[in-house]
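K.L.:
I'd like to ask some things about the structure below.
Rule-based calculations on the coordinates, nothing more; no lab input. Just so it is clear, the model here is predicted, and its values are computed rather than measured. Please note: Cβ atoms are built from the backbone with ideal geometry, for glycine as well, and neighbour counts cover all protein chains shown.
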Amino acid sequence: MKRLAVVAVASCLYASAANAAFITYTSESAWDTAVGASTAEDFNSITTETSFRTSPVTVGNMTFSGFTPSNTTFNEIAPTDPHFGFTTTSVRIATSSFGGDQARIDFVTGVSAWGADIANLEPVRSSSFTVFDAGDNALGTFNSYTAGTGFHGFELTAGEVASYLVFNSTTLDEFFGLDDAKFVTSEAAVSEPGTLAVFGLGLIGLGYARRRKSS
């Protein structure tokens, strides 16, 4: 019985490691095909300049928070765009190499996939997005660069749930635009370590019950 339990737990751990995947996309059509039905957010419900530099702003399933950058037309949602050419309401975000200066999106309901049209992130500044679960565990990081505007997104394929993402830069200020976000919500489930713990407790209980029965 002990040997069987060890084998079962080892098999679960191997399967978990083998199936975990964080997939990134720069093609919106490929993302659509991979994730299936999704929810779109165009931010057009915001009709005046709305800053999230000091207070978070929630639009649909996303809550934006940031800081006050050197260019104060950033870390805000606005219907006009003087920088990137978006013709409808979009989000202007600043990132920073300073640890305390962090721009991020929290999801009201966790997601298994997310993507958006991104403008003007530069490769020389090593800009990237890091995705986290509710326990602050990093699920994956992807670089986001396009000459002009292009789609960038991710998909989680092994049951993980993204709780928020953080924008990173190696320079003091990096500025970019974001519009037409898409996402797939996912109900938070018992984490894989938690599932294994429950499985292990079940095996222990079964063994205890057998001992009591035999005695």
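K.L.:
I want the local charge near Ala94. Using Cβ-Cβ distances under 10 Å, sum +1 for each Lys or Arg and -1 for each Asp or Glu among the other residues.
P.N.:
Taking every Cβ under 10 Å from that of Ala94, the sum is -2.
K.L.:
Continuing with the same structure: With a ≥ b ≥ c taken as the square roots of the eigenvalues of the C-alpha gyration tensor of region 31-96, please select rounded if a/c is under 1.5 and otherwise prolate if a/b is larger than b/c or oblate if it is not?
P.N.:
It comes out prolate by the Cα gyration axes.
K.L.:
When Lys and Arg each count +1 and Asp and Glu each count -1, what net charge do the other residues less than 13 Å away from Phe22, Cβ to Cβ, add up to?
P.N.:
-3
K.L.:
Tell me the net charge near Thr39. Cut-off is 13 Å between Cβ atoms, Thr39 excluded, with +1 for each Lys or Arg and -1 for each Asp or Glu.
P.N.:
-3
K.L.:
Taking a virtual spin label 7 Å from the Cα of Leu172 along the C-beta vector, which residues in region 75-112 bring their backbone nitrogen under 12 Å of it?
P.N.:
Only 97-98 pass the distance filter.
K.L.:
For each of Arg104, Arg53, count neighbouring Cβ atoms within 10 Å of the residue's Cβ, then give the residues from fewest to most.
P.N.:
Sorted ascending by nearby Cβ count, the order is Arg53, Arg104.
K.L.:
When Val108, Val161 are ordered from fewest to most other Cβ atoms inside 10 Å of their Cβ, what list results?
P.N.:
Val108, Val161
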